[in-house]
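> The structure that follows is given in the form of structure tokens.
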Amino acid sequence: MAEELYTGPKFETVFLSWEAPSHQHLQRLIHWCTVFHRENLAPAHETGTAGNLSFRLEEGSNAFCITAAGLIAKCKLSPDDFVVVEKCDIQNKQVFVRGNRKPSSESMMHFAIYKALPKINAVFHGHHEQLLRNAQLLDIPVTETSCDYGSEELVESIRPLLGKHNFFIIREHGFLSTGTNMEQAGALSLHYKQKNESLM
Ligand SMILES: [Zn+2]
């Protein structure tokens, strides 16, 4: 696989304000980042990116709170390690944020999911080599094409599976777990990890 190495987000970050997020659900996201770290669900991918987790701020809006770019270890996080993405202009490759860091390089993918699926309120993306390898045995759908991280092509590649599956594999890359809330997206990730372990 000739995937390019991580060089940071491939979009321009437009800062609308500089304060760190303070949403009431942020502690749950910090909790799930810790779980992903503990369960080794967000190790650095060979490209150098290391998973990204987000939740929708409120019903009827596509704004979301997401892990900052380049966050390798997802333990002992504080609000400063998160960014609120207000909106994305995918065509012009611009992401409008509130926070004091750049948002995850996969912010456009998270935005596309929230926009397409109004009932989905949490999107967790992680990496797990064995899940990728065992996808067929575990009956997990896989996207058709392999794309570079953070690319528009990657966003397009997941569209056919959106709304049909809450958990699927991004080909040769990692997994996407979505849910109506963070507990659902988190539990689904753990469910497939355990299902994979039961194969051994
Ligand atoms: Zn990834």
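The values are calculated or read from the model by the stated rules, or taken from the named source; none is laboratory data. Because the structure is a prediction, the values reported are computed rather than measured. Backbone-built Cβ (ideal geometry, glycine too); neighbour counts: all protein chains shown. Areas reflect the complete protein model, heavy atoms only, side chains present, ligands, DNA and RNA absent. Shrake-Rupley method; radii C 1.70, N 1.55, O 1.52, S 1.80 Å.
> If you check SER177 against the conditions, is it under 19 Å from PHE36 (Cα atoms), small (Gly, Ala, Ser) and free of Cβ contacts under 8 Å to residues at least 60 places away in the same chain?
So SER177 passes the test.
> Residues to consider are LYS87, LYS119; find the one that is outside any helix (DSSP H, G or I), more than 16 Å from the ligand (Cβ to nearest atom), more than 19 Å from GLN184 (Cβ to Cβ) and not acidic (Asp, Glu). Walk me through it before giving the result.
On the way: LYS119 fails: more than 19 Å from GLN184 (Cβ to Cβ).
Within the list LYS87, LYS119, the selection yields LYS87.
> Would you mind stating whether GLU58 is touching a strand residue (DSSP E or B) at 6+ places or on another chain (Cβ under 6 Å) and not small (Gly, Ala, Ser)? Outline the logic, then answer.
Working: touching a strand residue (DSSP E or B) at 6+ places or on another chain (Cβ under 6 Å): no; not small (Gly, Ala, Ser): yes.
For GLU58, the condition - touching a strand residue (DSSP E or B) at 6+ places or on another chain (Cβ under 6 Å) and not small (Gly, Ala, Ser) - is not met.
> Would the stretch 37-44 turn up any residue that is open to solvent by less than 30 Å² (accessible area, probe 1.4 Å), over 12 Å from the mean Cα position of the chain (by Cα) and hydrophobic (A, V, I, L, M, F, W, C)?
no
> Could you check the stretch 6-72 for strands (runs of 3 or more DSSP E) lying wholly inside it with 1 or more residues that are among the hydroxyl-bearing types (Ser, Thr, Tyr) and more than 12 Å from the ligand (Cβ to nearest atom)?
12-17, 52-56
> Looking at the stretch 80-117 only, could you name the residues that are open to solvent by 50 Å² or more (accessible area, probe 1.4 Å), within 16 Å of GLU153 (Cβ to Cβ) and touching a residue at least 40 places away in the same chain (Cβ under 8 Å)?
Passing the criteria: only LYS93.
> Another question, if that's okay. For the stretch 123-200, list the helices (runs of 4 or more DSSP H) that sit wholly inside it and hold at least 2 residues that are open to solvent by less than 10 Å² (accessible area, probe 1.4 Å) and in contact with a strand residue (DSSP E or B) (Cβ under 6 Å, 6 or more places away or on another chain); which are they?
By residue number, 182-197.
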